[in-house]
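This report concerns only the one structure given below.
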Amino acid sequence: MTAELAVAEERELPRDRSLRSWLGTTDHKRIALLITAVALLLLFVAGALALTMRLQLAQPDQEFVTNDGYNQLFTIHGSAMIYLVVTPLALAYGLYLVPLQVGAPNVAAPRTTMLGFWLYLFGSVAIFSGFLTSGGAAKEGWTAYTPLSTSEYSPGMGTDLWVLGTFVTTVGMILVGGTVLWTALLKRARGMTMLRMPVFSWSVVATNLMVIAAFPSLLFALGLIAVGRMTPGLFDSNLYNIGYQHLFWFFAHPVVYVMFFPFVGAVAEVLATFAQRRFFGYTITVLSLLAFAGLSMSVWGHHMFTTGLVSDDYYSLTSILLIVPAGIEYFAFLGTIIGARLRFQLPMLFALAFILQFLVGGITGIMVASPVLDYQMHDSYFVVGHFHYTLVAGSLFGLFAGLYFWFPKATGVMLGRGLGHAHFWLMMVGTNVTFLPMFWLGIAGMPRRVASYLPTDGFSTFNLIASIGAGILGLGMLAFAVNVVRSLTKRKERAAPDNPWRAHTLEWATSSPPPPLNFDDKHPIPPIRSYAPLLDLRREREP
Amino acid sequence: MEFQRVFERVFAFEIAVASVVFALVLLGVVLAIFLSRKRSGDTRRRDSNKPLEIGYAVLLAGVAGVIVYVTASAHQEVQHGTTGYSVAEQRGATKVDVTAFQWCWEFQYPDTGRSVTGTCRDKNSGLPTLVVPTGQPVELRLRSSDVVHALWIPDKAIKMDVYPHHTNTLTVEFDEEGRWLGRCAEFCGPYHPSMHFWVRAVSPQEFQQFQQQGTVA
């Protein structure tokens, strides 16, 4: 059968909605939705673990959970958020949108991508199943430093399952990222040159370059733990301990940007759409994304300033240089919205909050990139505050900007406005009330990863505030969950048009949700003359 | 104490820079919201301004350069000199072999063979005390007997990781008498939260007495 025939046949088939068709799908949109669904579910689970921790820390000297239980909570919370929630969501956004945005009918090598999903699902089950073992789940932190994570100091199945699950998930993410990168580079529609790809697609290209370059390093690091767990004595040479940290952070710094870039891209699309104008400073933004990705591979040692075993000044230099690409992205954001007529719909609210809140994470990041400040802040709550500002106040807000923006495209249903506003405001207040006090806790000398503290430490007030904030944040997430369920049950009333936001990029030219091969006779790919083809089209029609 | 002074100075500098940056971006966002035009479609707006963009990138590189210069030169102050993270074998330095273990600390004074340790139980009971003389360099030689720990004295802005099978050495000096809490900063297992110690700085005379008799008045 020729490819054309196969395509024609598939077009005529009614959409198969059976479970079996989902689990064996080769449609990039369905694979992406599967990853998104699992990751969102795990976001709530990881959030519940965090709320339990905040309950324990709300008052000094509490024994709501044991030390051992607390260590499992923060280990699985961190591991889940990084390996199983935000990274998969970031890559799933790319998987769903890049083929649409570059006018491709599907992702390149969809079966490989689907294998990625199954590996991810299997890895997630493995990591969480640690809770069912007699010794409990892994408890060495998401960083699993050696020799603490060896069988000598952390015996038990929980850590074995963690190593296995993290390894398998990471292989899955490399497959997903790799096939999406392939699509963006080699499967673009006619007329879609590299420099006509939307900013979001570019952010995914930069992301997936980091996935390919950095994620294998984690596989080596996990392999080192696995060997160490079978061969006690491997870590009797400190070379292996410090070597593990290098391998780990060579992955674990770029992964921070993997969890961030697609949401920068999402915010860029949202800002341009709701400012009703072309994204400002496209070329320099693309260049800065690539420079950012490149630099991200050279900064890992800033996690190791206090080891006394790395060239602190070098890593400080490369880390502080990140000001340049980050500053350019902000410049483009502000250039897009200043002087434009803004529409303050839900995606825009999340995007505007992202700009200011991520900035707090960014500038505190530059602070800890300075060795003399890091010597004091490292492993304290200052760092906890910093990376939650980047990942929650930043990435998650970008994620929700994108989610409210693309939900109608992916499901054909608009999300409710009332609950959406409740979600935004509760989450915005909750995030800041939770994470802002953590900077002061760090300055006051509170180390991270402690199950309790004493009344005499002087940490009580800020911890109580943070715990109250976490409750507010939880309520916001609850509003989101109710909103998704209610909107999906009211399919008819809330049916989404093809382009509800008057957005600029190709995915909005097709139906909501798009047909199996993305574009068809009723929804052809429009002419592509810039990175905002639908805006060009509108300008021609409405001069 | 030099570490703390340098920390406070650079912290103040970076907070000032950070505040200006935050204020500018906030201004930008507020401006965008309030200038948001009533009429639709501003099609003639430029969507790129190359000279402005490149000039701005150069400005950013300049800002980055200033921050790098300030922090790198401050870093020299806490690395080298009479005290610092890279300083060892200072003349007249009191040497202390610090051993971190799951989950407490041991402080040995090789000059006199004296040794202090504790149990680091809950609620700061059984904490060992690291006794040091004021006004003299103290060389801390950090080593772990099991997993990675980190020695942190928050009030003095001193932190360094403690490894097994490797010795990290730093030289510190305490200007004033007093007692401060030290903590383990690197997560090291179930009793990490209570792995504390006291640092007590006493006059050189009292320190002599401690070295001879093992107690401080």
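At-a-glance table
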read-out	value
Residue in the range A:165-173 that is within 14 Å of chain B (Cβ to nearest Cβ) and in contact (Cβ under 8 Å) with a residue 60 or more places away in the chain present	no
Residue list for the range A:450-465, filter: under 18 Å from residue A:379 (Cα atoms), facing another protein chain (nearest Cβ under 8 Å) and either open to solvent by 20 Å² or more (accessible area, probe 1.4 Å) or without any contact (Cβ under 8 Å) to a residue 12 or more places away in the chain (or both)	A:450, A:452
Among the candidates A:521, A:498, residue that is part of a loop (DSSP other than H, G, I, E, B), acidic (Asp, Glu) and at pLDDT 95 or above	A:498
Residues of the range B:1-37 satisfying the condition of being more than 7 Å from chain A (Cβ to nearest Cβ) and under 18 Å from residue A:361 (Cβ atoms)	B:15, B:17, B:19, B:20, B:23, B:24
Residue pairs meeting the criteria (Cβ under 6 Å; at least 6 apart or on separate chains; first closer than 26 Å to residue B:120 by Cβ and part of a loop (DSSP other than H, G, I, E, B), in the range B:198-217; second open to solvent by less than 20 Å² (accessible area, probe 1.4 Å) and at pLDDT below 95)	B:216/B:210
Some residue of the range A:194-204 being within 13 Å of another protein chain (Cβ to nearest Cβ) and modelled with pLDDT of 95 or more	yes
Test: residue A:119 is farther than 24 Å from residue A:245 by Cα and either in a loop (DSSP other than H, G, I, E, B) or at pLDDT 95 or above (or both)	yes
Residue that is surrounded by the most Cβ atoms within 10 Å (Cβ to Cβ) [pool: residues in the range A:225-250 that are among the hydrophobic types (A, V, I, L, M, F, W, C) and under 26 Å from the mean Cα position of the chain (by Cα)]	A:225
Test set (1) buried (at least 21 other Cβ atoms within 10 Å of the Cβ); (2) on the phi > 0 side of the Ramachandran plot - residue A:512 fails condition number	(2)
Tally, over the range A:430-444, of residues that are surrounded by fewer than 21 Cβ atoms within 10 Å (Cβ to Cβ) and either in contact with a Lys or Arg (Cβ under 9 Å, 6 or more places away or on another chain) or not in a helix (DSSP H, G or I) (or both)	1
Hits in the range A:181-204 - residues which are assigned to a helix (DSSP H, G or I) and either free of Cβ contacts under 8 Å to residues at least 40 places away in the same chain or open to solvent by 10 Å² or more (accessible area, probe 1.4 Å) (or both)	A:181, A:182, A:185, A:186, A:194, A:195, A:196, A:202
Out of A:392, A:384, sole residue that is open to solvent by 10 Å² or more (accessible area, probe 1.4 Å) and more than 14 Å from every other protein chain (Cβ to nearest Cβ)	A:392
Helices (runs of 4 or more DSSP H) fully within the range A:253-354 counting 1 or more residues that are open to solvent by 10 Å² or more (accessible area, probe 1.4 Å), in contact with a Leu (Cβ under 9 Å, 6 or more places away or on another chain) and closer than 26 Å to residue B:65 by Cβ	A:254-258, A:282-296, A:312-321, A:323-337
Extreme residue, farthest from the chain's Cα centre (by Cα), among residues of the range A:24-39 that are over 15 Å from residue A:518 (Cα atoms) and touching a residue at least 60 places away in the same chain (Cβ under 8 Å)	A:24
Which numbered condition residue A:262 misses (of (1) of a type outside the set (Val, Ile, Thr); (2) in contact with a helix residue (DSSP H, G or I) (Cβ under 8 Å, 6 or more places away or on another chain); (3) within 14 Å of chain B (Cβ to nearest Cβ))	(3)
Residues of the range A:188-206 classified as closer than 16 Å to residue A:107 by Cα and among the polar types (S, T, N, Q), total	1
The range A:41-89: number of residues that are among the hydrophobic types (A, V, I, L, M, F, W, C), surrounded by fewer than 19 Cβ atoms within 10 Å (Cβ to Cβ) and in contact (Cβ under 8 Å) with a residue 40 or more places away in the chain	6
Residue A:404 at negative phi and touching a Pro at 6+ places or on another chain (Cβ under 6 Å)	yes
Test: residue A:212 is over 25 Å from residue B:144 (Cα atoms) and in a helix (DSSP H, G or I)	yes
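The values are calculated or read from the model by the stated rules, or taken from the named source; none is laboratory data. Computed from a predicted model, the values in this text were never measured in an experiment. Counting neighbours? That spans all protein chains shown, and the Cβs are built from the backbone with ideal geometry, glycine included. These accessible areas exclude ligands, DNA and RNA; they are computed on the full protein's heavy atoms, side chains included. Shrake-Rupley method; radii C 1.70, N 1.55, O 1.52, S 1.80 Å.
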